[in-house]
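> Here you go, one structure.
The values are calculated or read from the model by the stated rules, or taken from the named source; none is laboratory data. Just so it is clear, the structure is predicted and the values come from calculations on it, not from any experiment. In this analysis, Cβ positions are derived from the backbone assuming ideal geometry, glycine residues included, and neighbour counts consider all displayed protein chains. Heavy atoms of the whole protein, side chains included, go into the accessibility calculation; ligands, DNA and RNA do not. Shrake-Rupley method; radii C 1.70, N 1.55, O 1.52, S 1.80 Å.
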Amino acid sequence: MSLSMNDIKNSILSGKTMLGIELGSTRIKAVLIGEDNTPIASGSHDWENSYINNIWTYSLEDVWTGLQDSYKKMASDVKQKYGVTLQTIGAIGFSAMMHGYLVFNKKGELLVPFRTWRNTITEKASEELSKLFNYHIPQRWSIAHLYQAILNGEEHVADISFQTTLAGYVHWKLTGQKVIGIGEASGMFPIDIETKDYNKNMIKQFNDLIAHKNFSWKLEDIMPKVLLAGENAGVLTEEGAKLLDVTGQLKPGIPLCPPEGDAGTGMVATNSIAKRTGNVSAGTSVFAMIVLEKELSKAYEEIDLVTTPTGNLVAMVHCNNCTSDINAWVSIFREFAEAMGMEVDMNKLFSILYNKALEGDSDCGGLLSYNYFSGEHITHFEEGRPLFVRTPESKFNLANFMRVHLFTALGALKTGLDILFKEEGVNVDEILGHGGLFKTKGVGQKIMAAAINSNVSVMETAGEGGAWGMALLASYMLNKAENETLEDYLTNKIFADEVCAKVEPDAKDVAGFNEFMKRYTKGLSIERAAVYNLK
């Protein structure tokens with residue numbers, strides 16, 4: 001039952017609301033939720049990274065300008081809707097894009113501009129650390145950035161007193177606490193899922209590796225402390241309150257939950273944090289996150305290992321390309337329709353073309369395409385060329401044409417997931433799909449179910465995304481019962497009435513997708529030739 005306007009007003013005045021703020025790559029969003037955990041106010045601020053001296057970065061000034069603006073717009077939304085001024089909040093949580101490199105000296109001064117996850121400048125460090133730890137260390141991880149700076153002989157490294165992530169930095173400045181949520185920590189350095197902390201053996205290996213440099217610090221001295229979801233991570237200081245709310249209305253003393261990464265808030269917002277669950281986000285890029293029951297048998301370059309906000313191990317398969325090529329083809333059909341003098345509703349056009357794909361041959365009739373607008377590390381491409389190819393014998397019709405473009409959108413993802421499902425024997429009961437690929441009801445789901453041979457569900461009501469997920473983590477810390485797990489809290493108190501549309505895999509579609517994948521894998525040499533010859 002939804003709360004009345006008066007109930008919400010009283011919740012705001014009595015400080016029973018929760019606030020989540022997430023700093024995404026293009027938008028900073030603040031979402032305030034009420035006692036029933038549904039959004040009651042929000043505000044957002046658009047921002048962009050800069051490419052300066054060959055580094056993708058955001059200035060710390062832009063971080064605070066953006067945070068203050070998103071908070072101010074959310075507080076204005078409260079005033080406008082409910083006629084009250086926001087002065088206190090039950091709990092707050094901050095989230096941001098994961099990984100990257102933020103290092104400070106003893107005075108708290110930033111030593112070099114923030115190096116974001118987007119930088120691919122740590123290849124040597126990534127390779128050497130992956131070999132040393134026998135554990136895949138992606139280029140975007142914080143430890144790879146630190147070691148690359150050491151390999152580069154950068155002078156600032158000797159002065160490091162604290163290294164953190166963007167969410168960890170914001171939290172530190174608002175509370176004085178150098179802490180981090182375990183999901184976010186798992187993108188800085190490998191986690192030991194037994195101790196729910198950084199892997200001590202690997203920390204020792206790293207310290208031994210750099211011992212000859214004689215730095216004044218050890219790795220464990222400069223990393224933030226790891227906390228689990230539900231633990232108290234400090235309170236908003238007087239200085240922090242003024243930093244967040246420039247009007248001075250917000251009161252200090254508000255408890256904060258551990259800061260988390262955008263992967264963790266995405267898992268919370270889709271209720272995909274229990275073992276044997278997973279979620280797939282499919283839009284411009286596509287990634288799958290599967291919560292594992294046990295460690296993998298070995299390290300794989302194609303699979304990143306992170307954790308849920310509760311410290312369960314998660315296998316992540318991330319691909320750079322998904323729907324961009326489909327969207328480009330749909331635009332061609334729009335141009336054709338307009339040239340024929342028709343008015344085009346894009347939602348209807350997408351719906352017609354996506355549904356047409358369901359009429360195609362199970363294996364796409366021998367057609368082949370690659371959606372590589374950019375490189376794709378899972379199939380070892382540093383550049384991409386969108387490509388469509390067929391033989392004279394292929395069954396070339398609209399249904400197969402649309403079907404092959406939907407299939408290939410998941411081709412690289414399936415390559416990675418097959419490692420988990422076929423080589424590692426990972427079991428998953430259900431995958432939750434979200435993002436643009438699933439917008440046309442039932443179609444993206446059916447294709448995804450065929451690709452992974454598993455049930456795929458889509459929530460009827462789309463959540464508010466990561467900022468809402470972060471607010472839910474604040475709510476859990478504030479309102480959980482004794483010994484209540486985050487899994488139980490989400491399932492029983494947040495998503496109990498959530499309607500999910502579930503699609504089960506069709507055996508014929510699964511066989512067809514497997515047949516397509518043989519063609520996809522064999523045809524990668526055609527894509528490679530296109531990259532080499534088409535400049």
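> When the Karplus curve 6.51 cos²θ - 1.76 cosθ + 1.60 is applied with θ = phi - 60°, which whole-Hz ³J(HN,Hα) does each residue of region 94-102 get, with x for Gly and Pro?
Those phi angles translate into 10, 9, 7, 4, 7, 6, x, 9, 10 Hz.
> Nearest 10 degrees, 0 to 90: what angle lies between the long axis of helix 166-175 and the longest principal axis of the chain (Cα atoms)?
20
> Using a 7 Å offset from the Cα along the Cα-to-Cβ direction at both MET5 and ILE332, what is the distance between the two label points in nm, to one decimal?
According to this spin-label approximation, the distance is 5.3 nm.
> Moving on. Would region 181-272 count as rounded, prolate or oblate if I go by the C-alpha gyration tensor, calling it rounded below 1.5 in a/c and otherwise prolate when a/b exceeds b/c, oblate otherwise?
The shape class here is oblate.
> Quick one: pull the percent of accessible area on region 189-305 belonging to carbon and sulfur, 1.4 Å probe, ligands and nucleic acids left out.
48
> Helix 123-133: angle to the longest alpha-carbon principal axis of the chain, degrees 0 to 90, nearest 10?
Roughly 80 degrees between the two axes.
> Using the heavy atoms of the protein chains and a 1.4 angstrom probe, tell me the accessible area per residue for region 432-535 in square angstrom.
50
> Rounding to the nearest 10 and keeping the result within 0 to 90°, find how far the Cα-based axis of helix 324-339 lies from the longest principal axis of the chain.
For 324-339 against the chain, the angle is about 60 degrees.
> For region 438-534, give the percent of accessible area contributed by carbon and sulfur heavy atoms, probe 1.4 Å, rounded to a whole number.
50
> What ³J(HN,Hα) values, in whole Hz, does the Karplus curve 6.51 cos²θ - 1.76 cosθ + 1.60 give for region 186-192 when θ = phi - 60°, with x put for Gly and Pro?
5, x, 9, 7, x, 9, 8
> Still on this structure: Given the C-alpha centroids of region 106-178 and region 300-339, what is the distance between them in whole angstrom?
27
> Sort the following peptides by mean Cβ neighbour count (other Cβ atoms within 10 Å, averaged over residues), highest first: 175-187, 132-144, 384-396.
175-187, 132-144, 384-396
> Can you give me the % of accessible surface on region 318-429 that is carbon or sulfur? Probe 1.4 Å, all protein chains present, nothing else counted.
Here carbon and sulfur together make up 52 percent of the probe-accessible area.
> Set the bar at 18 Å for Cα to Cα. Now go through LYS356/LYS441; LYS196/LYS294; LYS73/LYS242; LYS441/LYS502; LYS106/LYS178; LYS178/LYS275 and name every pair that lies beyond it.
LYS178/LYS275
> Shape verdict for region 259-400, please, from the Cα gyration tensor: rounded (a/c under 1.5), prolate (a/b greater than b/c) or oblate.
Prolate, because a/c is 1.5 or more and a/b exceeds b/c.
> Another question about this same structure. Keeping every protein chain present and rolling a 1.4 Å probe, give me the accessible area per residue for region 295-375 in Å².
Accessible area per residue: 44 Å².
> What shape does region 95-172 take by its C-alpha gyration tensor, where a ≥ b ≥ c are the square roots of the eigenvalues and a/c under 1.5 counts as rounded, a/b above b/c as prolate, and the rest as oblate?
Verdict is oblate for region 95-172.
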